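Here it is, the structure in full.
The values are calculated or read from the model by the stated rules, or taken from the named source; none is laboratory data. Everything numeric in this text was worked out from a predicted model, so none of it was measured. Cβ coordinates were reconstructed from backbone atoms using ideal geometry, including for glycine residues, and neighbour counts include every protein chain displayed.
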Amino acid sequence: MDLDIAALGFRFGDDFALSVPGLRVPTGSAAVCIGPSGSGKSTLMQLCAGILLAESGLVSLGGVDWSALSERERRLRRITAVGLVFQEFELLEHLSVLENVLLPYHVQRDLPLDEQARERAVELTRAAGIEGLLRRKPRNLSQGERQRVAICRALVTQPAIVFADEPTGNLDPRTTQAVFDLLRSEVRERNATLMMVTHDHSLVDAFDCVIEFETNPNGSIARERTR
C-alpha cells in the first residue's frame, strides 16, 4: 500500500508544529524515521495511520485521503489494512498474551477469527520467541516481552502497511535483530509497506527510505534523506 504525503501541516496548541513538504513510500518498501526526541516522529506515525488528522495538506494510503473518511471509516480501515506497534504497547491487562495478539479479530467482526488466524498468531509468537508465554497476562511479562506481543498483534491480520513506533526500544541487541528480521520478512512476504521509528542507527541501512526530522524556531520539519 502506497503512502503519500503532500504539504502536510499539523499543530498542537502553541507548543508544537510539524510540516512535511512531500513524501512517498511505495508499496513494498520500508521507511525509517530518525531524529531528536520531541521532533514529531510519533506524531507523523499517528497522522499516517489516520489517528490524527492534518490541519492542511494530504495524507493518503492506497490513494485514499484520511481526511475524506468519517471516524468510523478510518477506524475500520486501520483495523483491516493497518498494523500498529505503539510505544506504550497498548496491551489489555485482563487478556492473555494470545488474546492480546488476536485482539483485532475481537474488535472487528469483519475479520474472521478462524483456525487459520489462530495458527498464524501462534506462529508469530513462535518467531518472536514468546510462544511459551501464551497464557500469561501482560503484568507478568517483561518490557521486552510486552513489546514482542504488540509486534505480533500488529502483524497477525497481515496488514498492507505497518507503522512501528520504536518496536525494538526495550530489547537487547540479539532480540532487536530477531524482531526486526521478523518485521521485515513479514512485510516482504506480502509486499506490504513498513514505516518505523527508531533511535537505533545500526538498523538504518536496512531501509529503502530514511526520513529525517529537524527542529527550528518554527517547529519541526521532516524530509526524505538523499542517499
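Residues checked against (1) over 19 Å from ILE5 (Cα atoms); (2) at pLDDT 95 or above; (3) of a type outside the set (Ser, Thr, Tyr):
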site: GLU55; (1), (2), (3): no, no, yes
site: ASP65; (1), (2), (3): no, yes, yes
site: PHE86; (1), (2), (3): yes, no, yes
site: LEU98; (1), (2), (3): yes, yes, yes
site: LEU102; (1), (2), (3): yes, yes, yes
site: GLN108; (1), (2), (3): yes, no, yes
site: LEU113; (1), (2), (3): yes, no, yes
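Can you tell me which residues in the range 153-175 are out of contact with any Gly (no Cβ under 9 Å at 6 or more places or on another chain) and part of a helix (DSSP H, G or I)?
Of everything in the range 153-175, those that are out of contact with any Gly (no Cβ under 9 Å at 6 or more places or on another chain) and part of a helix (DSSP H, G or I) turn out to be PRO173, ARG174.
For the range 172-193, give me the residue count where each residue is out of contact with any strand residue (DSSP E or B) (no Cβ under 9 Å at 6 or more places or on another chain) and among the β-branched types (Val, Ile, Thr).
The number of residues fulfilling the criteria is 3.
If you take the residues in the range 168-180 that are within 15 Å of the chain's Cα centre (by Cα) and not polar (S, T, N, Q), which one is nearest to ILE151 (Cα to Cα)? Steps first, answer last, please.
Going through the range 168-180, the residues within 15 Å of the chain's Cα centre (by Cα) turn out to be 168-169, 179-180.
Adding the requirement that they be not polar (S, T, N, Q) leaves 169, 179-180.
Working: GLY169: 12, VAL179: 8, PHE180: 10 Å.
For the range 168-180, the residue satisfying everything is VAL179.
Can you give me the number of residues within the range 19-28 that are of a type in the set (Gly, Ala, Ser) and buried (at least 19 other Cβ atoms within 10 Å of the Cβ)?
Residues that pass the stated criteria total 1.
Looking at (1) polar (S, T, N, Q); (2) within 29 Å of TYR105 (Cβ to Cβ); (3) not in a helix (DSSP H, G or I), find the lone condition where SER39 falls short.
Going through (1) polar (S, T, N, Q); (2) within 29 Å of TYR105 (Cβ to Cβ); (3) not in a helix (DSSP H, G or I) one by one, SER39 breaks only (2).
Consider only pairs whose beta carbons are under 7 Å apart and that are at least six residues apart or on different chains; among these, list those whose first residue lies in the range 170-182 and is over 20 Å from THR193 (Cα atoms) and whose second residue is outside any loop (DSSP other than H, G, I, E, B) and hydrophobic (A, V, I, L, M, F, W, C).
Going by the 7 Å Cβ cut-off, the qualifying pairs are LEU171/VAL179.
Per-residue answers, yes or no, for (1) surrounded by 14 or more Cβ atoms within 10 Å (Cβ to Cβ); (2) out of contact with any Asp or Glu (no Cβ under 9 Å at 6 or more places or on another chain); (3) polar (S, T, N, Q):
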{"residue": "GLY132", "(1), (2), (3)": "no, yes, no"}
{"residue": "SER142", "(1), (2), (3)": "no, yes, yes"}
{"residue": "GLN147", "(1), (2), (3)": "yes, no, yes"}
{"residue": "ALA150", "(1), (2), (3)": "yes, no, no"}
{"residue": "LEU155", "(1), (2), (3)": "yes, no, no"}
{"residue": "GLN177", "(1), (2), (3)": "yes, yes, yes"}
{"residue": "LEU183", "(1), (2), (3)": "yes, yes, no"}
{"residue": "MET196", "(1), (2), (3)": "yes, no, no"}
{"residue": "ARG223", "(1), (2), (3)": "yes, no, no"}
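Give me the residue from the range 12-36 that is outside any strand (DSSP E or B) and either in contact with a helix residue (DSSP H, G or I) (Cβ under 8 Å, 6 or more places away or on another chain) or among the aromatic types (Phe, Trp, Tyr) (or both) and, out of that set, nearest to LEU182 (Cα to Cα).
Ranking the qualifying residues of the range 12-36, first place goes to GLY28.
How many of the residues making up the range 73-125 are farther than 17 Å from ARG146 by Cβ, in contact (Cβ under 8 Å) with a residue 40 or more places away in the chain and of a type in the set (S, T, N, Q)?
Final tally of qualifying residues: 1.
Follow-up question, since we're still on this one. Return the only residue of GLY9, GLY57 being outside any loop (DSSP other than H, G, I, E, B), over 15 Å from the mean Cα position of the chain (by Cα) and on the phi > 0 side of the Ramachandran plot.
Answer to the check: GLY57.
Ok, one more. Return the total of residues in the range 35-62 being in contact (Cβ under 8 Å) with a residue 60 or more places away in the chain, surrounded by fewer than 21 Cβ atoms within 10 Å (Cβ to Cβ) and under 26 Å from GLU189 (Cβ atoms).
The total comes to 1.
So is GLN46 more than 15 Å from VAL156 (Cβ to Cβ), polar (S, T, N, Q) and in a loop (DSSP other than H, G, I, E, B) or not?
Here the answer is no, as GLN46 does not meet what is asked.
Also, I was wondering about something else. Being in a loop (DSSP other than H, G, I, E, B) and touching a helix residue (DSSP H, G or I) at 6+ places or on another chain (Cβ under 8 Å) narrows it down to one residue among GLU93, GLU88; which is it?
GLU93 is the lone residue from the list that is in a loop (DSSP other than H, G, I, E, B) and touching a helix residue (DSSP H, G or I) at 6+ places or on another chain (Cβ under 8 Å).
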